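Right, one structure below, let's go through it.
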Amino acid sequence: MKRLLDKYKTLSSQKEFLKMILANVINRFGDSIDAIAFTWLVYQITQDAAWSAIIFGVNMLPTILLQPLAGPLVECIRKQKIMVLCDIARGLAVTAIAVCYMAGLLNPWLLLLITLLNSSFEALRVPAGIAIVPKLLSREHYDTGQALNSSISRIMELIGTGCAGLIIAALGIQTAILIDAVTFFGSAFIIYLIQYQETVRKSKISMKEYMNTMKEGFSYVFHRRAIVLLCVLGALMNVMAVPINSLFPAFVSEVMKGDSQTLSALSLGLTIGMMIGSFVYPVIAEKLKRRFLMIGALLFSGFVYIIMILLPMVFQPQLALLLSILLFTVFGMIMAFANTSLSVYFMVVVEEDYMARVGSVFNASVTSIMPVSSFLISGIVSFVSVSTVIMVAGIISIIISLVCFTSKCLYVLDEDRKAA
């Protein structure tokens, strides 16, 4: 433990990065409350698991369509400015959802529209958030910096998730959503206070320059095997998360026979696991190879899907819930190892000048299959039960991960050098 804490103490010199962590923490607190409120709001308004999957899929579209286009622009604009403006815009969008709900104007189509708008601002912010990290954090601190960011964010998720059920029950869904809006504004203020050096062009970028910059970003990605492999693995991890992400409220209601507090409890277990996993990651990364962390998460997720369906069938409701919380906690730890390892590896292999462009292409590629999967699931659940869909997804995840373990091309993930 002392060795782990000593690693984190070295971050005291990275003051501007710590400011960004503070902004992320504030943002994450609101998001964790909104995650419970929003998923329950969608299901409450529609009473249809298919609608939940559709809105989840639409939420991914801006990442796929806008981020590759936004990357070259982000390279030419101060990253801090983009992050501040996008946080303010997202705060206003979330406020609109709460106001429409209180006024009785919110319906599935309006919710879909505002969700799309909110996700569009997020799609612009993410490349800037990726590209600013190497400007605030020294390379030798990548492991501990990313781990600290993740673990503290998970602590706030833990607090927010724990409060979400109580806030919704006592003050209503609209209050929970408004809290998320306030945290966006708070995040924007903290990011505004960050001081760092960045050279940006003063002249406007021409269409030809923009196209060339975007072409360079795509070429950089597709001519480097390590980055291509990272995109494939990220896509696999994301697509196998679609069933639980899009059908979680339906699973809680139809399989667990629970309510918003059950949803909060399971999310709480997952968050605790991710918090622990992120915190101990620097030590785990020294013991296990990167490829085992990433593929192992895919394998374990398959078993989780199967077990989470079997538990309510085998045990009494109270015991099934307790065991499910424990299962989600362990699952959260494994996913934290994989996610942190993936983000650190990305920063290691991508050159700083390409960070925004490659980050936007990477995010688009790893999420591109998610809306397709989500829309597909929305159609399937109209004919097949939620439990069957999740069970089959678990089996597929296990098969894919076992195939991946036999591939020698994954050895490149264990190399700590810039992609060539």
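Where residues in segment 369-420 are in a loop (DSSP other than H, G, I, E, B) and modelled with pLDDT of 75 or more, which of them is surrounded by the most Cβ atoms within 10 Å (Cβ to Cβ)?
VAL381
Given the options SER365, SER341, name the one that is in a helix (DSSP H, G or I) and either at pLDDT below 80 or surrounded by fewer than 22 Cβ atoms within 10 Å (Cβ to Cβ) (or both).
Testing whether each residue is in a helix (DSSP H, G or I) and either at pLDDT below 80 or surrounded by fewer than 22 Cβ atoms within 10 Å (Cβ to Cβ) (or both) leaves just SER365.
Between a first residue in segment 57-83 that is within 15 Å of GLN197 (Cα to Cα) and a second residue that is surrounded by fewer than 19 Cβ atoms within 10 Å (Cβ to Cβ) and not basic (Lys, Arg), which pairs have beta carbons less than 7 Å apart while being 6 or more apart in sequence or on different chains?
Taking only residues 6 or more apart or on different chains, the pairs are GLU75/THR213; CYS76/VAL200; CYS76/ILE205; ILE77/VAL200; ARG78/GLU198; ARG78/VAL200; LYS79/GLU198.
Search segment 58-87 for residues being within 18 Å of ILE132 (Cα to Cα) and β-branched (Val, Ile, Thr), and hand back the single one that is surrounded by the fewest Cβ atoms within 10 Å (Cβ to Cβ).
Checking each candidate, the answer is ILE77.
So, ILE114, is that one assigned to a helix (DSSP H, G or I) and within 29 Å of GLN44 (Cβ to Cβ) or not?
So ILE114 passes the test.
From the list ALA169, ALA181, ALA235, exactly one residue is surrounded by fewer than 16 Cβ atoms within 10 Å (Cβ to Cβ), out of contact with any Pro (no Cβ under 6 Å at 6 or more places or on another chain) and either in contact (Cβ under 8 Å) with a residue 24 or more places away in the chain or not in a helix (DSSP H, G or I) (or both). Which is it?
ALA169
Tell me yes or no: at least one residue of segment 89-109 is touching a Lys or Arg at 6+ places or on another chain (Cβ under 8 Å), buried (at least 18 other Cβ atoms within 10 Å of the Cβ) and either acidic (Asp, Glu) or closer than 23 Å to ASN245 by Cβ (or both).
So far as segment 89-109 goes, yes, one or more of its residues are touching a Lys or Arg at 6+ places or on another chain (Cβ under 8 Å), buried (at least 18 other Cβ atoms within 10 Å of the Cβ) and either acidic (Asp, Glu) or closer than 23 Å to ASN245 by Cβ (or both).
Being in contact (Cβ under 8 Å) with a residue 40 or more places away in the chain and within 15 Å of GLN261 (Cα to Cα) is the filter here; which residues of segment 302-319 pass it?
Passing the criteria: only PRO317.
The values are calculated or read from the model by the stated rules, or taken from the named source; none is laboratory data. Here the structure is a predicted model, which is why all the values come from computation and not from measurement. Cβ atoms come from the backbone with ideal geometry, glycine included; neighbour counts cover every protein chain shown.
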